[in-house]
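I have placed the structure first, in the form of structure tokens, so that the comments after it can refer back to it.
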Amino acid sequence: MSLISVKNLTRVFDVSKPWLNRVIERRAKAFLTAVSDVDFEVEERSTYALVGESGSGKSTIGRMLVGLLTPSSGKVEINGVNLATETDADKVDVIRSDIQMIFQDPFASLNPRWRVRDIIVEPVVARGGDATGLAEKLLVQVGLSALDAGKFPHEFSGGQRQRICIARALSSEPKLIVCDEPTSALDVSVQAQVLNLMSDLKDNFGLTYVLISHDLTVVRHMADRIGVLYLGRLVEEASPEDLFTDTKHPYTKMLLEAAPRMDGFGREADLPEGEIPDPIDPPKGCAFNPRCPIATNICRQERPMMRQLGDIRVACHLAD
Ligand SMILES: Nc1ncnc2c1ncn2[C@@H]1O[C@H](COP(=O)(O)OP(=O)(O)OP(=O)(O)O)[C@@H](O)[C@H]1O
Ligand SMILES: [Mg+2]
């Protein structure tokens with residue numbers, strides 16, 4: 001059985017102006033669909049990557065996976081339990097302790113007034129567990145020193161702070177870690193170190209990762225499956241090998257062409273063409289059609305359903 005099962009996951013935000021403004025300006029309420037009808041499964045002990053441009057709904061999905069946000073419709077099941085509707089408090093407790101999240105900004109997610117030891121063991125202490133010596137052990141496992149336990153977060157570099165965040169996420173012995181852009185605030189050289197550390201820990205601890213990134217090259221070597229999001233919809237899902245060599249969706253092709261950000265002279269290469277449409281008023285049919293080089297009439301009228309082509313899933317009318 002899959003560890004995570006996501007079905008028809010949808011999240012709508014009410015982005016209306018305050019009531020008085022709406023009355024004066026005679027405006028209707030406005031809704032933004034951040035995530036629309038997303039389906040995917042994540043096998044235990046695998047890494048599933050979610051990629052897409054800014055605003056494509058990656059973080060919103062991540063927050064729904066860990067139960068920080070409730071779906072507007074559809075569902076997330078972790079080990080068969082739907083956190084949003086499960087009424088058995090013990091079951092919810094067990095699942096919650098199996099899930100941790102790591103965020104992009106390693107400084108904002110560490111309490112500056114706490115010593116590193118207390119930060120790391122907090123998830124364990126909060127559940128009344130024994131944490132003697134745990135922080136020191138985990139610090140060594142993430143490549144820091146046991147002596148660092150007595151220091152404060154400001155005494156560390158960005159990469160070291162992200163290691164502390166990882167140690168903290170590991171302390172409650174989770175099964176699943178959702179990582180939202182875990183390395184995008186770090187230098188390129190440090191990025192690789194943190195990603196390597198995450199790979200090693202995955203094997204040692206038997207972890208399952210959901211890895212969120214805007215950068216396909218970051219997830220290429222770590223992911224077992226990659227899901228590509230566009231405007232809140234999953235448009236393609238494949239193994240990294242298939243995605244990079246047998247790309248089906250025109251949007252994924254565009255992302256891949258833009259991937260090596262620097263050209264031979266160290267200048268920034270062209271970014272993906274066209275603008276991301278307004279998510280409050282998305283284009284009819286396929287949301288990508290205004291930017292798509294091969295769009296035809298059907299693309300402007302009908303939303304493409306997810307289709308299975310061999311081992312690849314793709315939502316495009318024209319993919320062969
Ligand atoms: N609490 C909220 N209220 C209203 N709109 C929101 C809220 N959270 C997210 N959104 C909107 O939902 C869409 C998806 O946002 P999300 O943060 O999931 O994107 P993302 O893919 O993580 O982007 P980024 O790469 O910039 O982090 C965006 O259009 C965003 O403005
Ligand atoms: Mg985000």
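The values are calculated or read from the model by the stated rules, or taken from the named source; none is laboratory data. Please read these numbers as outputs of a predicted model, since none were measured by experiment. All Cβ positions, glycine included, derive from the backbone under ideal geometry; neighbour counts span all protein chains shown. Just the protein is used for accessible areas: all its heavy atoms, side chains included, with ligands, DNA and RNA removed. Shrake-Rupley method; radii C 1.70, N 1.55, O 1.52, S 1.80 Å.
Couple of notes before you dig in:
- Taking every alpha-carbon pair within the range 63-130, the share separated by more than 18 Å comes to 50 percent.
- The range 1-116, relative contact order [Cα under 8 Å, separation at least 6], %: 30
- Taking every full run of DSSP H in the chain, the ones that stretch at least 24 Å from end to end by Cα along their long axis and average -1.0 or higher on the Kyte-Doolittle scale are 188-205.
- The ellipsoid that matches the Cα gyration tensor of the range 26-167 has semi-axes, each √(5λ) in whole angstrom, of 32, 20, 15, with the longest given first.
- Cβ charges +1 (Lys, Arg) and -1 (Asp, Glu), total dipole of the range 58-114, debye: 280
- Per residue, the chain exposes an accessible area of 50 Å² to a 1.4 Å probe, with every protein chain left in place.
- Computed about the Cα centre, the dipole magnitude for the chain is approximately 940 debye when only Lys and Arg (+1) and Asp and Glu (-1) carry charge, each at its Cβ.
- Whole-Å distance, taken between Cα centres, linking the range 54-77 and the range 196-211: 22
- Candidate lysines for bridging to residue 137, where Cα separation is under 23 Å - those fewer than 8 sequence places away on the same chain excluded: 151, 175, 202
- Given 14 as the ceiling on other Cβ atoms within 10 Å, longest exposed-site-free region of the chain for GluC sites (Glu not before Pro) in DSSP loops: 45-272
- Which of 228, 140, 218 is most accessible, then next, and so on - probe 1.4 Å: 140, 218, 228
- For the chain, fraction of C-alpha pairs farther apart than 25 Å, in %: 55
- Simple rule: put +1 on each Lys or Arg Cβ and -1 on each Asp or Glu Cβ in the chain, find the dipole, and look at 240, 9, 217; the Cα lying farthest toward the positive end is 9.
- Restriction of the trypsin sites (Lys or Arg not before Pro) in the range 116-153 to DSSP coil positions whose beta-carbon has at most 12 other beta-carbons within 10 angstrom yields 127.
- Area projected by the alpha carbon convex hull of the range 39-89, averaged over all directions, nm²: 4.3
- For the range 142-242, pairs of C-alpha atoms spaced more than 21 angstrom apart make up 39 percent of the total.
- Loop chymotrypsin sites (Phe, Trp or Tyr not before Pro), the range 108-211, which have at most 15 other Cβ atoms in a 10 Å radius of their Cβ (DSSP): 114
- Rounded to 5, percent antiparallel among DSSP beta bridges of the chain: 60
- Carbon/sulfur fraction of accessible area - the chain, other protein chains in place, 1.4 Å, %: 49
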